[in-house]
Each structure stands twice: as structure tokens, then as C-alpha cells.
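Each reported figure results from applying straightforward, stated rules to the coordinates on display, with no laboratory input. Keep in mind the model is a prediction, meaning the values are calculated, not measured. Backbone-built Cβ (ideal geometry, glycine too); neighbour counts: all protein chains shown.
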Amino acid sequence: MADNVNEAAPAGAPPAADAGHAAGAVDVEILEAPERGSVDELLDAGAHDELDAMRHSTAHVMAEAVLDLFPGTKLGIGPAVADGFYYDFDVPRALTPDDLAAIEVRMRESVAANHPFIRREVPFDDGRAAVEGRGQTYKVEILDDLAAKAKAAGEGSPAITFYEHGPFSDLCRGPHVASTGKIGPFKLLSVAGAYWRGDAKRPALQRIYGTVWADQEALDAFLWRRAEAKKRDHRRLGVQLDLFSFHDVSPGAAFWHPKGQKLYRLLEDSMRELQARRDYLEVSTPMLVSERLWQQSGHWDLYRENMFLFESENQTFSLKPMNCPESTFIYRSRKRSYRDLPLRYAEYGRLHRNELSGTLSGLTRVRQFVQDDAHIYVRPDQLMEEIQALLGEVREAYGWFGLTPRFSFATKPDKAIGDPALWERAERLTMEAFAASDISYELKPKDGTFYAPKIDIYIDDALGREWQMATIQIDLTMLPERFDLKYDDETGAAVRPIALHRAIYGSIERFIGILVEHFAGAFPLWIAPVQAVVIPIADRHVEPAEELASVLRSRGLRVEVDASDNRMQNKIRLAQEQKVPYMLVLGDREVEAKTATVRRRGEEKGAAQETLTWDALADRFAAEAAARGA
């Protein structure tokens with residue numbers, strides 16, 4: 001499998017704004033994503049819609065300003081990206097925040113000048129000579145790669161296009177807005193390092209990120225979301241809440257602290273409970289596997305560079321980067337009948353992928369992780385019902401967190417393997433499963449894997465950011481054929497099953513990182529690692545506080561007692577910082593009456609507070625925790 005709850009916006013947040021359409025923008029053909037580092041990627045403006053065209057145009061204006069302010073700068077690439085744009089530069093010196101301010105000033109002058117964007121198509125040799133004459137060596141490399149690609153295809157040297165505005169000209173496919181004056185409000189955001197063509201062995205460049213929007217309201221909304229996202233950064237909150245940490249002795253692997261491990265297990269246990277109701281069988285397969293397995297599955301040629309490899313006794317082994325092939329050995333461990341299916345194998349397999357160190361990012365991009373994987377073997381006549389059930393599993397599980405999943409369905413690509421009739425049947429049954437479940441979906445023609453149509457699931461978090469989450473792949477050929485999977489049908493004939501690959505959380509590490517940011521660390525009661533803190537006002541109240549904690553723990557609640565020397569208000573403040581859902585205060589009056597004064601997470605100082613008996617507290621908290629996302 002590939003890796004891949006709603007908190008109200010804080011007071012003072014601007015309303016969500018529609019970015020609208022850029023004035024003077026052009027219609028843009030949507031292109032397939034090019035291969036990373038390829039000449040197609042280097043020439044791709046990333047401008048796939050009207051707002052993207054504005055963003056790419058702003059990247060050109062930024063490049064103009066950088067060349068003007070820092071003579072001798074060499075240009076890399078400058079595409080539009082989600083929410084903005086960037087440009088990579090080889091600048092004579094390191095850039096500073098003050099430099100960004102100066103670049104912005106120069107950019108505004110160009111916008112005010114309202115220079116038209118002019119497209120010029122020139123013969124290849126003339127264009128290459130012009131670029132080389134300006135000392136733009138990275139652009140020369142792009143053109144040489146483009147020529148080599150054309151030669152390999154038996155074509156002549158291609159014509160190339162430049163876009164000019166005012167004094168600036170850049171090799172570019174476009175498109176752009178009509179003129180610099182059509183560029184909306186913009187802001188430069190940061191400078192980061194980036195290797196040329198994403199290769200750590202190539203030159204290190206400086207990448208300036210920026211954003212631009214159709215109007216000031218949309219820009220303000222984006223900048224608020226960005227500031228709020230920094231506050232919610234799971235890497236910061238993970239330390240603050242004592243959930244996990246990272247250490248250079250094991251890059252890309254989280255060290256889970258007791259509270260984080262409790263959260264981790266709560267997620268696993270909830271999924272196990274859902275799977276038990278659906279008759280999944282949990283399995284576990286080896287972590288270290290011979291290269292022979294990956295050669296048979298086809299991963300060896302396509303994925304070897306992302307594997308951790310080891311030599312032992314003249315054999316090559318790898319830490320598994322995915323669970324898929326190993327489940328087939330359990331399936332083949334005995335003869336299977338049509339009566340045995342569906343077989344649902346669930347596995348919480350620990351996986352390792354050799355990601356580049358520069359790409360690692362907290363829990364959302366790691367080298368070691370666990371997936372809530374499952375491989376389900378079905379007869380063709382069971383496919384629709386099983387997909388319908390899987391869609392229900394996804395909706396139920398995401399509902400625990402108040403999340404509403406969105407679905408896309410990717411169909412057979414041009415380069416697919418397997419029986420076309422089986423592909424057609426699988427696609428038709430999948431669409432019927434969506435219809436029977438009353439679930440709408442986005443159709444993505446020809447976007448499936450080479451061996452399987454697939455369903456991808458997306459969510460929007462509390463800041464409106466989209467995340468791709470779960471996935472369901474309808475594997476018609478890869479596992480069944482490569483591993484010779486069979487079952488005997490009603491006539492005794494040996495036929496192949498269909499294999500469904502599915503993950504709902506996906507990477508549990510990544511899922512937790514998303515949840516931390518979505519909830520800003522303020523988890524709902526059922527998954528809060530600590531659900532309540534009992535706060536004795538004085539030392540004489542410590543023993544009754546422990547007694548109350550025992551009453552609550554007997555109902556399955558996770559409770560701590562703050563018996564420190566801190567004053568009561570400091571104890572409350574610390575519990576608030578830890579985002580504990582409930583604080584239960586005990587003084588003389590409460591101890592005598594066996595009650596506690598309840599303070600909720602996030603309550604303003606001076607807010608009205610309830611005082612409840614211990615049994616009433618236990619009943620209320622237990623009921624709230626059991627309700628999950630209901």
C-alpha cells in the first residue's frame with residue numbers, strides 16, 4: 001500500500017475567502033504531473049488554472065527583481081505550487097529576511113509598470129545561444145536535455161518559447177496573465193535550500209517561496225491560516241504535549257513517549273474493534289525479506305532505491321517498505337475454496353522507506369512507520385459488496401474524529417496489465433458500490449495504477465487544508481498473477497481471486513501528525529492521552545484526590561493527580577497547557593461532600609463551573625468517552 005473532527009476557527013479568524021479568478025488570466029490545459037527532475041518538470045510552469053497562471057507570472061516578476069538586485073544570479077525554475085509559487089536561484093550570497101523585503105519593493109514597481117507578458121517562439125539554436133550568452137547555465141542544461149529528448153524520439157531540434165515583460169525574459173512554456181498589472185496582492189514568505197533537480201549531488205540553490213491571491217481578503221485569509229498552522233505544527237505540539245520526539249541517532253523515526261504511545265494504541269485498538277466486527281483476521285509477517293520477494297512482486301526494479309538493503313551469507317535482504325506481497329504466502333499456505341472467501345488479512349506492519357534526509361518532516365514524512373494495512377481476497381461476485389463495506393469502514397472511522405471523507409475513483413491507465421474485461425467489470429462494480437452507498441466521487445480517468453483501479457480518500461482539516469488519506473486498490477493482476485493465487489470454484493476449477501489492498505489511517509504516524517494539527521493538540525475526550533487531572537488545593541486533599549482518581553479509573557478513564565507543590569492556579573494553567581479535557585478541583589467542601597468542581601479545557605477564567613458528585617462525574621465522562629465521534 002502507498003502512504004499516503006472539527007474544531008471551530010479561533011476567535012478573530014477571517015472568514016474563508018474565495019480566491020476567485022485572476023483578471024486577465026487565460027484558460028489553461030490541465031497537464032499530467034511530469035517526472036521529478038525531468039526536463040518536462042523543469043519546463044512545467046505549474047500553471048494548471050487561472051490562479052496558477054497568476055502565481056507563475058509573479059514568480060517571473062520575482063526573478064526579475066532578484067536579477068536586478070543581485071547581478072550574477074543564475075536562474076533555476078519557478079513554478080506555481082499549491083497556494084503560491086517559488087523560484088530557485090543561485091545567488092552570489094545567502095539571502096536574508098531584509099532581502100525579501102527589498103525584493104518585494106522591486107516587484108511592486110514592476111507590477112505598477114503594468115508590463116505586458118509577451119510570448120516569443122524562437123528557433124532552438126538561437127534561443128540556446130541567447131540563454132548561454134546571459135550565463136544562465138541551468139537554463140542551458142534544460143535546453144540540452146530537451147534537445148536530447150527530441151533526438152531520442154527521432155525528432156529535430158524543437159522550437160522554444162520565451163516570455164518577456166519589461167526588461168526581463170525567461171525560458172518558459174507559460175501561460176501567464178496578460179500583464180504584470182493583473183497580478184493580485186502578494187507576499188514573499190521564506191527562503192529555503194533546494195538541490196538542483198532534487199539531486200543532493202547537484203548544486204545547492206536558494207528557493208524563495210511566495211504567495212499571491214486575486215484580492216486582499218483572500219491573501220489575508222491565507223496568511224492567517226499560515227500563522228495558525230505554525231501554532232498547530234505537530235512537531236512543536238508533540239514536544240509540548242510530551243507525545244514524541246526525534247533524535248539524530250535514528251533519523252526519520254519517532255521516539256514515542258508514554259502519552260504518545262497511549263494515543264497510538266487507542267487508534268490501533270479502535271481500528272481492531274472495527275475489524276473484529278467485519279471478521280478480519282490479524283496477521284504478522286517478517287520485517288526483513290529476501291530480494292527474491294521484491295523481484296517476484298516487481299518492486300525490485302521500481303522501488304529498490306527506497307529500500308534499506310542488507311547482505312547476509314551472500315544474500316541480499318531488505319527491510320520491507322510495504323506489506324503487500326507477504327500476505328500471499330499466508331494465502332497460499334493451504335488450498336483455498338470459493339467457500340473460504342472473502343479472506344480479510346489485517347496487519348499492523350512496521351515499514352521502512354529510505355527517504356532522503358532533506359525530505360523528512362516530523363511525523364508526516366518518516367523512514368519508519370506502521371500502516372493499518374489489510375489485504376482482502378475475494379471472488380469477482382463478492383467485489384461490489386466488499387467495496388461497499390470498505391467505503392462504510394472509511395466513513396465510520398473518519399467519523400470518530402468528526403472528519404468527512406471525500407472520494408476519488410481512478411480508472412484503467414493506457415499502460416495497464418490484465419484482462420480488459422476484468423478491468424471493465426471491476427470499474428463498473430466499483431461505481432455501483434458508490435451508488436449503492438449513496439456516496440459521490442470524483443472520477444479520474446486513466447489515473448489508476450498499472451495493475452489496479454483505485455479509490456483515494458481525502459479530508460479537509462480545521463484550517464481547510466486538504467490531505468490525501470486512505471486508499472483502496474482493486475488488484476486484478478499484480479498479487480494474484482505474480483504469486484499464482486488460486487481458489488477452487490463451485491465446479492472444482494482453479495481460478496484467481498481479486499486482491500483488495502486497503503489502508504484507512506494509512507501511516508499511523510502521519511495520521512497522528514494530521515490529528516495533532518487538526519485539533520491543535522486538544523483531542524476529543526475519547527483519544528486524549530490524559531482525560532482528566534484531579535487538582536487537590538492543599539496537601540490534606542491529596543489522599544481524597546487519589547481516591548477520586550481510582551473511582552474514575554475503575555470506569556476505564558485515564559486520570560492523573562497533580563500532587564505537586566504548585567498553587568492551584570498554576571496546576572490549572574499547566575493542565576491547560578497540556579490540553580487536558582477536564583480539571584477536577586478538590587478543596588475542603590468538595591472532600592466533605594465527595595464532589596469535585598469541574599473546569600473544562602479552554603474555559604475562560606471566571607466562567608461558571610459545575611460541581612458534581614464523584615459517581616456523576618464517572619458516569620458523564622465514561623459516556624462521553626464511549627460516544628467517540630457520534
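Listed values, structure above:
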read-out	value
Cβ-based net charge around R425, under 15 Å, with every Lys or Arg adding one and every Asp or Glu removing one	-4
Packing-based ranking, highest mean first, of 410-423, 206-219 given that Cβ atoms within 10 Å are counted	206-219, 410-423
Ratio Rg/Rh, restricted to the range 525-627 and using Cα atoms, in which Rh is the Kirkwood radius	0.92
Under-5 Å amide H pairs with S179, H placed in peptide plane, nonlocal only	F117
Centre separation in Å (Cα based) which lies between the range 83-154 and the range 272-308	44 Å
Least to most buried among M583, M54 (fewest other Cβ within 10 Å first)	M583, M54
Stokes-Einstein diffusion coefficient of the range 522-583, Kirkwood radius over Cα pairs, 4 °C, 1.567 mPa s, in µm²/s	110 µm²/s
Net charge contributed by nearby residues that have their C-beta within less than 9 Å of P167 (K/R +1, D/E -1)	-3
Euclidean distance between Cα centres, the range 349-423 to the range 515-579, Å	37 Å
Vicinal HN-Hα couplings computed from phi for the range 166-176 (Karplus, 6.51 cos²θ - 1.76 cosθ + 1.60; Hz; Gly/Pro x)	x, x, 9, 9, 9, 4, 6, 7, x, x, 9
Cα-projected label distance for R553 with E305, points at 7 Å along beta-carbon direction, nm	5.3 nm
Neighbour-count order for W300, W614, fewest beta carbons within 10 angstrom listed first	W300, W614
Over the range 39-214, equivalent-ellipsoid semi-axes from the Cα gyration tensor in Å	25, 19, 15
Unsatisfied cross-links (Cα-Cα over 27 Å) in the set K74/K149; K139/K231; K230/K262; K149/K446	K139/K231
Using θ = phi - 60° and Karplus 6.51 cos²θ - 1.76 cosθ + 1.60, couplings along the range 119-124 (whole Hz; Gly, Pro as x)	8, 10, 9, 10, x, 4
Extension gain from L288 to R567, taking 0.36 nm per residue of separation minus the Cα-Cα distance	95.2 nm
Antiparallel DSSP beta bridges within the range 525-627, percent to nearest 5	50 percent
P(r), alpha carbons of the range 277-434 - 10 Å bins starting at zero, rounded %	8, 27, 37, 24, 4, 0
Descending semi-axes in whole angstrom, ellipsoid equivalent of the chain, from the Cα gyration tensor	47, 38, 22
Kirkwood-based Rg to Rh ratio, the range 561-620, C-alpha trace	0.95
Translational D in µm²/s for the range 427-522 (Stokes-Einstein at 25 °C, 0.890 mPa s, Kirkwood Rh from C-alpha pairs)	153 µm²/s
Karplus 3J(HN,Hα) series, Hz, for the range 478-486 with 6.51 cos²θ - 1.76 cosθ + 1.60 (x for Gly, Pro)	4, 6, x, 8, 5, 10, 6, 7, 9
Order by protection proxy (mean Cβ within 10 Å, highest first), peptides 350-359, 373-382	373-382, 350-359
Amide H within-cut-off set for M307, under 5 Å, with H built and near neighbours excluded	N354
Share of Cα-Cα pairs in the range 137-223 lying beyond 23 Å, as whole percent	48 percent
Largest-first principal axis extents, alpha carbons of the range 285-352, Å	41, 23, 21
